[in-house]
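Coordinate-derived values only; no laboratory data. What you see is a predicted model; the values in this text were computed from it and never measured. Backbone-built Cβ (ideal geometry, glycine too); neighbour counts: all protein chains shown.
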Amino acid sequence: MPVGYLDVPTSADLSRKRQLVKAIYEAMHEAYPFPDDTRIFLREWPLDSVSQNGLLGSEPARPVFMVHVPQGADTDAKRKMLKKINTAVAEAYRLPDFIIFVHEHPLDLVAVDGGLLADDHQRVEDQEEAYC
């Protein structure tokens, strides 16, 4: 269920992007191992589509990562994940002020194929076991 969105400038080549998403996946999967359905979306922004402090096109987009995850992961596991993601993005883009937002969601606020995850009792039990 983890879903991440990385907003970045348009400067990384395909090889660098592959390394980046692999590192992000591994970091996310270590903290959120269940279920193994981790999605990462790279959103690239050209200079003329980014405003920093009210100035359009003044500098490349400073990376921002937003990740939507289930509640319940250990705080130390989250810290480790965030450091690994920070390292991977820093190596790929070498830009300052990288921000990560972690959005945790209870299973009664997430639906897959139209059904609330909280209604899937086996899913609830499996997730509790994975994150405890």
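Observations on the model:
- Computed from point charges on the beta carbon alone (+1 for Lys and Arg, -1 for Asp and Glu), the dipole magnitude for the chain about its Cα centre is near 820 Debye.
- Most fluctuating residue given options Leu55, Leu20, Leu95, as computed from a GNM of the chain linking Cα atoms under 10 Å: Leu55
- Counting charges near Tyr5 (Lys, Arg +1; Asp, Glu -1) among other residues having Cβ under 11 Å from its Cβ returns a value of +1.
- Gaussian network model of the chain, Cα within-10 Å springs - most flexible of His105, His68, His121: His121
- By DSSP, the beta bridges lying fully in the chain are antiparallel in about 40 percent of cases.
- Of the residues Pro46, Pro33, Pro60, the one that moves most in a GNM of the chain with alpha-carbon contacts below 10 Å is Pro46.
- Label assignment, Cα extents along the principal axes in Å derived from the structure, set (1) 50, 27, 25; (2) 55, 30, 19; (3) 94, 29, 23: (1)
- Annotation: amide H-H contacts under 5 Å for Ile100 (H modelled 1.01 Å from N, sequence separation of 5 or more, or interchain): Phe65.
- A helix-only calculation puts the chain at -12000 deg cm²/dmol for mean residue ellipticity at 222 nm, using -39500 (n - 2.57) for each DSSP H run of at least four residues, averaged over all residues.
- In percent, rounded to a whole number, the relative contact order of the chain is 29, using alpha-carbon pairs under 8 Å and six or more apart.
- Among residues other than Tyr32 with Cβ under 15 Å from its Cβ, the summed charge is -4 (Lys and Arg +1, Asp and Glu -1).
- From phi via Karplus (6.51, -1.76, 1.60), per-residue ³J(HN,Hα) for region 77-86 in Hz, x at Gly/Pro: 5, 5, 4, 4, 4, 5, 5, 5, 5, 4
- Ordered by the count of other Cβ atoms within 10 Å of each Cβ, fewest first, Glu59, Glu129 give Glu129, Glu59.
- Evaluating 6.51 cos²θ - 1.76 cosθ + 1.60 at θ = phi - 60° for every residue in region 63-71, the Karplus couplings come out as x, 9, 10, 10, 10, 9, 9, x, 5 Hz, glycine and proline recorded as x.
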